[in-house]
Amino acid sequence: MDPLIAAIILLVLGLLFIVLELFVPSAGILGILAGVCLTAGIVVGFIHSLMTGVIMLLVVVLALPIVFALMIKIWPSTPIGRRILVKPPTKEEVLPTGAHLDELRETVGKVAVAKTKMLPSGIVTIDRRQYDAVCEGFAVEPGDQVKVVAARSGRLYVQPYDPNEDLATKFGDANLLDKSLDELGIDSLEEPR
């Protein structure tokens, strides 16, 4: 067989093995065969003539990046690529939803009663329903009132509540930003001279 035809056949076989490696899981055997065929094609090209060997080497050097770029673009859509590369979940699949979480969000701003001692977590009761809650920074005794400030990760976050200190009760439903510092009972923020 003519060395030129053998070199071309070896180069085509090498590129074919690289493409097959994309579709057939071979634990790298097809990749090794591709490397052997490409190297043998270049060597046989040099045996034929110096110019043929250089052309074969340039073809391999130029074809490999193109083949690898196509493989990277096509591989995720192949059956093997779809099994290995998991597509990222959508926002709807990740965000927590459901009746329980909606019910927890509705409790924000309500006043609850601690059923157990909270150091920092425990059970609170709102409208005769019990919820798992966390009190941030304070210990709460059973029977104390707490106010729900947030609902995260399936839990309520509460703070101690004193109806006498509640600004909404103290100043009615008025907007607190419309009140002066004197009305709110806050000393001047300026430094004394």
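The values are calculated or read from the model by the stated rules, or taken from the named source; none is laboratory data. Everything quoted here is computed from the prediction, not taken from an experiment. For neighbour counting, all protein chains shown are included, and Cβ atoms are generated from backbone atoms with ideal geometry for every residue, glycine included.
Exactly one residue out of 51, 118, 71 is within 30 Å of residue 19 (Cβ to Cβ) and surrounded by 12 or more Cβ atoms within 10 Å (Cβ to Cβ), and it is 71.
Check whether at least one residue in region 96-104 is at pLDDT 80 or above and within 30 Å of residue 150 (Cβ to Cβ), and report yes or no. Yes, region 96-104 contains at least one residue that is at pLDDT 80 or above and within 30 Å of residue 150 (Cβ to Cβ). One residue stands out in region 137-171 among those that are loosely packed, with under 12 Cβ neighbours inside 10 Å and polar (S, T, N, Q): the one that is modelled with the highest pLDDT, namely 153. The listed residues are 86, 134, and the only one of them that is at negative phi and either surrounded by 13 or more Cβ atoms within 10 Å (Cβ to Cβ) or at pLDDT 80 or above (or both) turns out to be 134. Against the definition (surrounded by fewer than 16 Cβ atoms within 10 Å (Cβ to Cβ), at negative phi, outside any loop (DSSP other than H, G, I, E, B) and over 37 Å from the mean Cα position of the chain (by Cα)), how does residue 61 come out, yes or no? When the stated conditions are applied, residue 61 passes them. Select from region 107-135 the residues that are in a loop (DSSP other than H, G, I, E, B) and closer than 16 Å to residue 162 by Cβ and list them in ascending order. Answer for region 107-135, where residues must be in a loop (DSSP other than H, G, I, E, B) and closer than 16 Å to residue 162 by Cβ: 109, 110.
Among the residues of region 28-48, some residue qualifies, meaning at least one is modelled with pLDDT under 85 and out of contact with any His (no Cβ under 6 Å at 6 or more places or on another chain).
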